[in-house]
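Presented below is the structure to which this report refers.
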Amino acid sequence: MIMANSTPVFEVIKFSVWFFILILIAILSDVVLHQFGLVWIGRYFGLAGSLIIVMSFVYSMRKRGLIKQGNIRKLLYYHEIACWTGSLFVLIHAGVHFSAIIPWIAVAMILMNLASGFVGLYLLKESGQMLSVLEAEYQANGLSVEEIKDKLFWESLTYSLMKKWKKFHLPIAFMLLITALIHIVSILFFINEY
């Protein structure tokens, strides 16, 4: 439910804070692992994070009708939590010491995927709700249809543009999958060098 002080700007700030916290926790975790000589544990965070992210796709499968069971709203909530948690684990795994281009690309894909998921999760949902609330408020204040259209022009335009977010989120998720697979295969192929 949209709150009176909830605006797209507020949502962007809220997401930015969570995004910053995610990166900060990943960096601090990596520092702690290095401090206590437990860097090897970070390798397993990558596997755990990847599995958590893969499990989050139950929502996508349910949404597309590939599976029939499960409450779509609960699965969306799980998808959001699992993607953040899995991404945190993968970022801890990556640490701040990348030794090849594929890990850099994978981390960039994770961060872009989280950001594009945010557009769908917060901005699109909240903007749509805010448009409805503002329109009802303007109608209650006796504004004409034309006056309401004029007042909501920029919000409506922004909302229409944001509805196209899946065109970015899905390809980025696919590229993340590809880079993760390349990373995993290269690790398995070169396992004797570690």
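The values are calculated or read from the model by the stated rules, or taken from the named source; none is laboratory data. Because the structure is a prediction, the values reported are computed rather than measured. For neighbour counting, all protein chains shown are included, and Cβ atoms are generated from backbone atoms with ideal geometry for every residue, glycine included.
Worth a mention:
- Condition met for VAL90 (in contact with a Leu (Cβ under 9 Å, 6 or more places away or on another chain), modelled with pLDDT under 90, buried (at least 17 other Cβ atoms within 10 Å of the Cβ) and of a type in the set (Val, Ile, Thr)): no
- All of LEU124, LEU131, LEU114 fail the test of being assigned to a helix (DSSP H, G or I), closer than 29 Å to VAL58 by Cβ and out of contact with any Cys (no Cβ under 9 Å at 6 or more places or on another chain), apart from LEU124.
- Residue list for region 131-145, filter: touching a residue at least 12 places away in the same chain (Cβ under 8 Å) and closer than 20 Å to VAL119 by Cα: LEU131, VAL133
- The residues of region 93-113 that are of a type outside the set (A, V, I, L, M, F, W, C), modelled with pLDDT of 80 or more and over 17 Å from the mean Cα position of the chain (by Cα) amount to a single one, HIS93.
- Taken together, the criteria place SER116 among residues that are within 14 Å of the chain's Cα centre (by Cα) and of a type in the set (S, T, N, Q).
- Subset of region 137-165 (residues that are of a type in the set (Lys, Arg) and either surrounded by 15 or more Cβ atoms within 10 Å (Cβ to Cβ) or touching a helix residue (DSSP H, G or I) at 6+ places or on another chain (Cβ under 7 Å) (or both)): LYS151, LYS163
- Within the set ILE148, ILE178, ILE172, ILE182, the sole residue that is of a type in the set (Val, Ile, Thr), at pLDDT 80 or above and over 30 Å from ALA115 (Cβ atoms) turns out to be ILE148.
- Sub-7 Å Cβ pairs linking a first residue in region 10-23 that is farther than 16 Å from LEU91 by Cβ and modelled with pLDDT under 90 to a second residue that is charged (D, E, K, R) and in a helix (DSSP H, G or I), at least 6 apart or interchain, are GLU11/GLU126, ordered by first then second residue.
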